[in-house]
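Working notes, structure below.
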Amino acid sequence: MKRVRKKFTIVGNWKMNPDTLEEAKKLFSAVSRKTANNPKVAVVVAPPAPFMLALSGKKTGRKTYRKIRPAAQDVSGETRGAHTGSASARQLRSAGAEYAIVGHSERRAAGDNDQIIAKKITQALDAGLRVILCVGEKERDNHARYLREVREQITGALSSQTKNKIQWVTVAYEPVWEVGRNFDVVLAPALIHEMAIYIKKSVAEIFGKKQALRLPVLYGGSLNSENAENILKDASIDGLLVGRQSLDPDTFGKIIEYANELS
């Protein structure tokens, strides 16, 4: 029987970097060239919101930029109105975003609870954005209480959605205790695979087995070009959510190349 190859999704979250639009354009172009040479991979990049329109290609129509799928790093849970400093899902979609990251650990630390995250997901999906929902435990204990924490995050974020909408959702597992640590102590691929199965099981309790099996699961946490290859090869996941290493086009490019080779 012929082995079915999967198409990996590699997401780069730039966070509040770089400082200027010119730097952002240079970085985006470098990543775009890597993407063009590795067509089997879906590459998503989340720049700071002020750079979205210039990088998305919607304004310029540049085909080079269109090889990358732009993502918003966050969206408001509201549609419009007196919400100073916020950007609605429809505004971000209008600026060229195709994806939205929701529930990132840094946003949760800033006050986003399950109720807020659920509202943000609804707004994003209604605006036509694909959602990358981040979940992950703050610490890993010996009594597996962390599993309940992840399950509650999934239930709280997705229970209000419909089966039709869940097809546009990807879950990114990012264990908070591991983010920013030494690259040599990244979670073992076997343990990442176990969490991916558990995430799908938790989704199956809400939407059924069929929907859960289709759900893409990414991994994010202390990734670099060395450990990413082993995770993509052995963790049986659908891709990666890369943080600070996505700001280095050479490192990020190597991760994209690994994913392309394994696809």
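Just so you know, all these numbers are worked out from the coordinates, no wet-lab data involved. The structure presented is a predicted model; accordingly, all values stated were derived computationally and were not measured. Cβ: placed from backbone, ideal geometry, glycine included. Neighbour counts: every protein chain shown.
Among the residues of the range 233-246, those identified as of a type outside the set (Lys, Arg) and under 15 Å from the mean Cα position of the chain (by Cα) are Ile237, Asp238, Gly239, Leu240, Leu241, Val242, Gly243, Gln245, Ser246.
Note on the range 151-169: residues that are among the basic types (Lys, Arg) and free of Cβ contacts under 8 Å to residues at least 40 places away in the same chain amount to 0. Screening Pro70 on (1) touching a Gly at 6+ places or on another chain (Cβ under 6 Å); (2) in contact (Cβ under 8 Å) with a residue 40 or more places away in the chain shows it passes everything except condition (2).
Evaluate the range 97-109: report whether one residue or more is surrounded by fewer than 19 Cβ atoms within 10 Å (Cβ to Cβ) and over 22 Å from Asn17 (Cβ atoms). No, the conditions are met nowhere in the range 97-109. Among the candidates Ala24, Ala30, the residue that is part of a helix (DSSP H, G or I), hydrophobic (A, V, I, L, M, F, W, C) and touching a Leu at 6+ places or on another chain (Cβ under 7 Å) is uniquely Ala24. Could you please find all residues in the range 168-201 being within 21 Å of Gln73 (Cα to Cα) and surrounded by 13 or more Cβ atoms within 10 Å (Cβ to Cβ)? If the condition is that a residue be within 21 Å of Gln73 (Cα to Cα) and surrounded by 13 or more Cβ atoms within 10 Å (Cβ to Cβ), then Trp168, Val169, Thr170, Val171, Ala172, Tyr173, Glu174, Pro175, Val176, Trp177, Glu178, Val179 are the ones that fit. Being part of a loop (DSSP other than H, G, I, E, B), among the basic types (Lys, Arg) and out of contact with any strand residue (DSSP E or B) (no Cβ under 7 Å at 6 or more places or on another chain) is not true of Lys165.
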